[in-house]
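> Got a structure here, written out as structure tokens. Questions coming.
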Amino acid sequence: MKHRLGQSAKYLFLWLFVIISLIPFLSMISTSFSQAMYELPYPPKILPDSVNFSNYVKVIEEDNFLRYFVNSVFLATVVTACVLLISSMSAYGFARFDFPFKKLIFNLYLFTMMVPGVLNLIAQYSVISGMHLVNTYTGILLLMVGGGIAGNTFFLRGFFENIPHELEESVIIDGGGRWCVFWHIILPLSKPSLGTLGIMVFSGIWSDFFTVLTFIKDSDKWTLPVALQLLRGEHATEWGTVMAASVLLFIPELIMFIIVQKNLVQSAGGEGAVKG
């Protein structure tokens, strides 16, 4: 009886937490359907008084909306692909190979995770400026890819160490090399982990505001999060339009999650490959 009460209390707490967490999101959607609104409603409205798509039309018809969207897709996709590839190769090296100063190098990886990104800003700007890459996507890509490797390498290394060596040995006995093992054994079995990291990296880059604002001066190269500030008026802000843009900004992340979630379900049995 006590166990059932404990379970019921736990689920009740979780549902309350979910409901409270959804209130700001639902309020954002509700406000996005409103007529011209220069003050946010209080208390927040969960359901709109009427469904009006004029705010969405206004955002989409903005002159540079498509440009900002393409910029965001380009940066998020390229950075995610590069981070996953480099991190997985680095993690495989730490998990399977022995080389001089291996532990020291890995500890240096961990140390970089402990340093707040803001502390590196001046040094990063000096380096990028010295390379004449300020206001270029090359500079932004170097910063974003470099900043995401250490933590993801640490995460993937732990997963790779749990993959049975027997799978690799069978491929090597059949004449396959380490590159073959990595592409045909390690990566397919790592789809759940790679999918999780892909969501995290994509979401982080997609919603990045500070890096792009700091290193990109040309407004034509801005991404959607930075471009949102253009919707704020000098004396008043039309919050319905801002919320509509925020909803549109969230949709690609939701689509990304749905796509990767299917891959996670399909790959859930990967750990049982040894028994097969």
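The values are calculated or read from the model by the stated rules, or taken from the named source; none is laboratory data. This structure is a prediction, so every number in the text was calculated from the model and none was measured. No Cβ is skipped: glycine too gets one built from the backbone with ideal geometry, and neighbour counts run over all protein chains shown.
Matching residues to (1) part of a loop (DSSP other than H, G, I, E, B); (2) over 28 Å from the mean Cα position of the chain (by Cα); (3) among the polar types (S, T, N, Q):
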| residue | (1), (2), (3) |
| --- | --- |
| Ser21 | no, no, yes |
| Leu26 | no, no, no |
| Leu40 | yes, yes, no |
| Pro48 | yes, yes, no |
| Lys58 | no, no, no |
| Val78 | no, no, no |
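> Could you list, in sequence order, all residues of region 238-276 that are at pLDDT below 85 and of a type in the set (Ser, Thr, Tyr)?
Those that are at pLDDT below 85 and of a type in the set (Ser, Thr, Tyr): Thr241, Ser267.
> Evaluate the following for Arg178: is it over 27 Å from Val134 (Cβ atoms) and of a type in the set (D, E, K, R)?
Details: over 27 Å from Val134 (Cβ atoms): yes; of a type in the set (D, E, K, R): yes.
Criteria met by Arg178.
> Further question on the same structure: Taking interchain pairs and intrachain pairs at least six residues apart, which have beta carbon atoms under 6 angstrom, with the first residue in region 23-49 and more than 11 Å from Met243 (Cβ to Cβ) and the second among the hydrophobic types (A, V, I, L, M, F, W, C) and modelled with pLDDT of 80 or more?
Listed by first residue and then by second, the contacts come to Ile46/Leu26.
> Now a separate question. Which of (1) more than 26 Å from Asn152 (Cβ to Cβ); (2) surrounded by 16 or more Cβ atoms within 10 Å (Cβ to Cβ); (3) within 27 Å of the chain's Cα centre (by Cα) does Leu84 not meet, given it meets every other one?
(1)
> Which one of these is part of a loop (DSSP other than H, G, I, E, B), more than 15 Å from Pro225 (Cα to Cα), in contact with a helix residue (DSSP H, G or I) (Cβ under 9 Å, 6 or more places away or on another chain) and assigned by TED's automatic domain parsing to the domain that holds Ile205: Phe99, Phe94?
Working: Phe94 fails: part of a loop (DSSP other than H, G, I, E, B).
None of the other options fit; the residue is Phe99.
> Same structure, new question: Among the charged types (D, E, K, R), at pLDDT 80 or above, surrounded by 10 or more Cβ atoms within 10 Å (Cβ to Cβ) and under 18 Å from Leu249 (Cα atoms) - does that describe any residue in region 40-61?
Yes, some residue in region 40-61 is among the charged types (D, E, K, R), at pLDDT 80 or above, surrounded by 10 or more Cβ atoms within 10 Å (Cβ to Cβ) and under 18 Å from Leu249 (Cα atoms).
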